[in-house]
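S.K.: Have a look at this one.
Every number in this text was worked out from the coordinates using simple rules, so none of it is lab data. Since this is a predicted model, take the numbers as computed values, not measurements. Cβ: placed from backbone, ideal geometry, glycine included. Neighbour counts: every protein chain shown.
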Amino acid sequence: MKKLIITALAMLLSLPIIAQDIKFGKATKEELTEKLYPLDSSANAAILFKKRRSHIEYSQGEGFYLVTDVHERIKIYNKDGYDWATKSISLYQGGDDEKISIKANTFNLTNGKIEKTKLSKKDIFVENVNKYWKRTKFTMPNLTEGCIVEWDYTITSPYYSRIDDMELQSFIPIKYIESKVETPEYFVFKNVMKGYHPVDLVRDSKRSSITFNNKERNDNGAASYSQNKIDYQTNIIKCTLKNVPALKEEPYVNNINNYITALKFELTSTQFPNSQVEFYNTTWEDVTKTIYESSNFGGQLDKKSHFKDDLTALINLTAPENEKITKIFEFVKSKIKWNDFTSKYTNDGVRKAYKDGVGNVAEINLTLVAMLREANLKANPVLISTRDHGIPFFPTKEGFNYVIAGVETTSGIVLLDATEKYSTPNVLPLRDLNWNGRIVRENGTSSEVSLFPNDVAKEMVFIMAQIDDEGILSGTERSSYNKLLALNVRASQNNKNENDLIAKLEKDNDNIEIDEFKANNKVDIYKPISYQFDFESDSQVEIVGDKIYFSPLLFHTEKENPFKLDDRKFPIDFGTPFQEKYNVTLTLPAEYKIESLPETIAYATPEGSGSYSFMCKVTGNILQVSSILNMKTSIIASQNYGAIKEFYKQMISKQLEKVVLSKI
């Protein structure tokens, strides 16, 4: 019997997925009464159905254009799933804009009857993101727990090379998804699959044709009409999946969208009838050369007259290169403020940005490159893709969205980003730290540059405190941060007033009470930033009978493992190598003695990327605690996830052990 059941299951699993025919505007009571997603009860929402078709069509007089049709239906199980009832669609703006038509409904079950609420056109909003992109956005009406939302939209685009990724996974489960891309034989697209969920792509073809209507006049002015037809092959890529699990997000990931299962499309060549093959960028060298030759990129580096007087007053050309780099870097940061617009190309140009004191990423950092070059430094732009832009999977101009400066010195390349006021040489903001960039030289050559920080960022915390016989903890803490940690602390905390900062520190540290607060080097970015304060707490120590219990790291005890997945397919990204060091010196109440202490330990990860040491030592009534976590690399490969998870588990378990005092 057992063998028959296994055989039957195997037969069912091997059956092809039958296409579902979900009609727009029609929902069922079964869908509306479903209380949770059967395969993932933790899901706040689930995609019940998604069908997407992208196809390149031809219009006489207009040429080829891209059409993308999407029909999507989502079940909202609870209020935490309401965010999935908001849809945002990005549209490219160039010489011609992409156009969209939308219809959408919300379904509810009211007194046993299905109630449908249509999305009103007045609830569809369009916002300009920048000169190249706009965003169409809407939130579905009449949301309740258990409702269903659906939308059907069509995007018509003259930019037939911009085929959106065929996304086959989401951050919520997908019950059924069907996706298809159809391209005429004249277009050759390179495909790259990303993500980890297994898929079965089906490649097919069909015959298609274009009909041309012709009008001619003879010598007498009479019109005659004719038609001619061109037959061609349409290439098809399609994929149908059922029960796709949600991609679960965890801490320490650069951009979770990099790991969504999807098929990417990049146009590599075209060959139209009676025409030669036209090849597009096929290597990173081709891409960077094309970008550099743009008047809004390389052309801006030749503009120097507007800053020459300032540069002459700023530096001595014979000064050491590090001095010149730092002075010019700080000057550009103070001279041109970032307008938060990200681009590898200038918008208004470097001269205007310099005059107005405000500019986009390219205007600021290309100015920096030009000034460094004028100071006889070997400076060049470095093209990168920021974390929120993702990792480019093949050579493409769209793979880069940002530019920084790189100075080639005898000791290596110094990377600079003058958009970030708290950045220092070779300490880039986290948004820049996305694997590799590409330095583009004046002679047209380019090479890959690692963006990973080499310097260890350190957090050091020193506590001197005492516990009285009533269990009140009081003392002084001094903490300091350098490198990337200092940049992050300054960027997140310097804009707060002192009272708000104190309130945040109190909340983040088990609601201790802080007094005599002092911040040092808030704006002196070439020194570690540090905080010092007195504190008191009545919740860090537990008195039970004649015994006292407390955690040796007090309110700095790590209580929860950040790594919770059983299996993680994407790498751990800490952003930087780092060290967390805590030293606690604690005076114990005179009426008590040590009954037990956590044992001293020291261990490392199997591959040697991380190490941890913990020590408790008592001299008289003075307890000294040392906790040091070292992570030598910013990136941990996914195959080492289990070891890192266990490493953190052991560390947290040790920190949670109690010091026990007993009354004398």
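S.K.: Which translational diffusion coefficient, to the nearest whole µm²/s, is obtained for the range 284-450 from the Stokes-Einstein equation, given a Kirkwood hydrodynamic radius over C-alpha pairs, 25 °C and 0.890 mPa s?
M.R.: Numbers: Rh = 15.6 Å.
Using the Kirkwood radius from Cα pairs, D works out to 157 µm²/s.
S.K.: On to the next question. Expressed as a rounded percentage, what relative contact order does the chain have, with Cα pairs under 8 Å and six or more residues apart?
M.R.: Details: 1394 pairs, mean separation 56.5, N = 664.
Relative contact order of the chain: 9 percent.
S.K.: Find how many whole Å separate the alpha carbon centroid of the range 481-503 from the alpha carbon centroid of the range 370-395.
M.R.: 28 Å
S.K.: Taking the Cα-to-Cβ direction at S269 and at Q60 and moving 7 Å from each Cα, how far apart do the two end points lie in nm?
M.R.: Between S269 and Q60, the label points sit 3.1 nm apart.
S.K.: Using amide H atoms built 1.01 Å from N in the peptide plane, name the residues 5+ places from Q93, or on other chains, whose amide H lies under 5 Å from its own.
M.R.: W133, K134
S.K.: Something else now. Taking GluC sites (Glu not before Pro) as exposed when DSSP calls them loop (any state but H, G, I, E, B) and at most 15 other Cβ atoms lie within 10 Å, what is the longest stretch of the chain free of them, the sites themselves excluded? Mind showing how you got there, number by number?
M.R.: Working: sites that count: E62, E145, E185, E249, E293, E442, E470, E560, E591, E599, E607.
Within the chain, the longest run free of exposed GluC sites (Glu not before Pro) spans 294-441.
S.K.: Now a separate question. Mind jotting down the distance between the C-alpha centroids of the range 560-594 and the range 259-273, whole Å?
M.R.: Between the Cα centre of the range 259-273 and that of the range 560-594, the gap is 45 Å.
S.K.: Here's another thing I want to ask about it. Residue-wise, which Karplus ³J(HN,Hα) couplings in Hz belong to the range 509-525, taking 6.51 cos²θ - 1.76 cosθ + 1.60, θ = phi - 60°, and x for glycine or proline?
M.R.: Taking θ as phi minus 60°, the curve returns 10, 6, 6, 5, 9, 10, 9, 6, 7, 8, 10, 10, 6, 4, 10, 7, 6 Hz for the range 509-525.
S.K.: Expressed in nm², what is the orientationally averaged projection area of the convex hull enclosing the Cα positions of the range 457-663?
M.R.: 12.4 nm²
S.K.: Enumerate by residue number the trypsin sites (Lys or Arg not before Pro) in the range 530-598 meeting two conditions: DSSP loop (anything except H, G, I, E, B), and at most 16 other Cβ atoms within 10 Å of the site's Cβ.
M.R.: Those satisfying the criteria are K559, K564, K569.
S.K.: Still on this structure: Tell me what the chain gives for mean residue ellipticity at 222 nm when only DSSP H runs of n ≥ 4 count, each as -39,500 (n - 2.57), the sum divided by the residue total, rounded to 500 deg cm²/dmol. Kindly include the intermediate steps, with their values, before the conclusion.
M.R.: Working: 10 runs with 108 residues, N = 664.
Rounded to the nearest 500, it is -5000 deg cm²/dmol.
S.K.: For the range 486-553, which chymotrypsin sites (Phe, Trp or Tyr not before Pro) pass both filters: DSSP loop (anything but H, G, I, E, B) and at most 14 other C-beta atoms within 10 Å? Display every interim value, and only then the final one.
M.R.: Working: sites: F517, Y526, Y531, F533, F535, Y549, F550; in loops: Y526.
Answer by residue number: Y526.
S.K.: Let me ask something else. Between Rg and the Kirkwood Rh of the chain, both from Cα atoms, what is the Rg to Rh ratio? Walk me through the numbers on the way to the answer.
M.R.: On the way: Rg = 30.9 Å, Rh = 29.8 Å.
Value, to two decimals: 1.04.
S.K.: Computed from the mean reciprocal separation of all distinct C-alpha pairs, what Kirkwood hydrodynamic radius does the range 227-341 have, in Å?
M.R.: Working: mean 1/r = 0.0465 Å⁻¹.
One over the average 1/r among Cα pairs gives 21.5 Å for the range 227-341.
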